[in-house]
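Comments concern the structure below.
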Amino acid sequence: MTILPGPDCTTMAEVRAGVDQVDRDLIALLARRFAYMDAAARIKPSRDAVRDEARKAAVVGNARAAAVEAGLPADDIAALWDTLVEASIAYEMRAFDQHRSS
């Protein structure tokens, strides 16, 4: 099935195909993001350096600003990014431990 832009969809099948494609794209992007978490875990000198609240606030703030610019609900996007960053920190903690135990 051809994936149509959202505004061009006229059936739920077209909408669902588009959403499913976006979800696949998001997973690919998350894989790229988490590869950076692996690199950070390898590079950071201590486990205490994994959690950086100032950086987290900046990342969530950047997402909020981008959401506003895109006309998306900023509070919802910020909450989503907060969850993403917390998951990334947890992943990086595990990766940090793995790098040090190898």
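Figures for the structure shown
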| read-out | value |
| --- | --- |
| Segment Ala35-Leu80, length gained on full extension (0.36 nm per residue, minus Cα span) | 14.2 nm |
| Chain lengthening between Ile27 and Glu69 when straightened (0.36 nm per residue, less Cα-Cα) | 12.8 nm |
| Dmax and Rg, reported as Rg then Dmax, of region 46-102 (C-alpha, Å) | 13.8, 46 |
| Between helix 53-70 and the chain: long-axis angle, C-alpha atoms, 0 to 90°, nearest 10 | 10 degrees |
| Angle between the chain longest axis and helix 74-101 axis [Cα atoms, degrees, rounded to 10] | 40 degrees |
| For Asp52, Asp25, order by how many other beta-carbon atoms lie within 10 Å, fewest first | Asp25, Asp52 |
| Positive-end residue, the chain charge dipole about Cα centroid, Cβ charges, pick of Ala74, Met93, Ala54 | Met93 |
| More than 17 angstrom apart: percent of Cα pairs within the chain | 64 percent |
| Crossing angle, helix 12-43 versus the chain [Cα axis fit, 0-90 degrees, rounded to tens] | 10 degrees |
| Simple Cβ-charge dipole of the chain, Lys/Arg +1 and Asp/Glu -1, about Cα centre, in debye nearest 20 | 560 debye |
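Values in this text are rule-based calculations from the coordinates and carry no lab data. Bear in mind the structure is a predicted one, so any value in this text is a computation, not a measurement. Note that we place each Cβ from the backbone using ideal geometry, even for glycine, and neighbour counts take in every protein chain shown.
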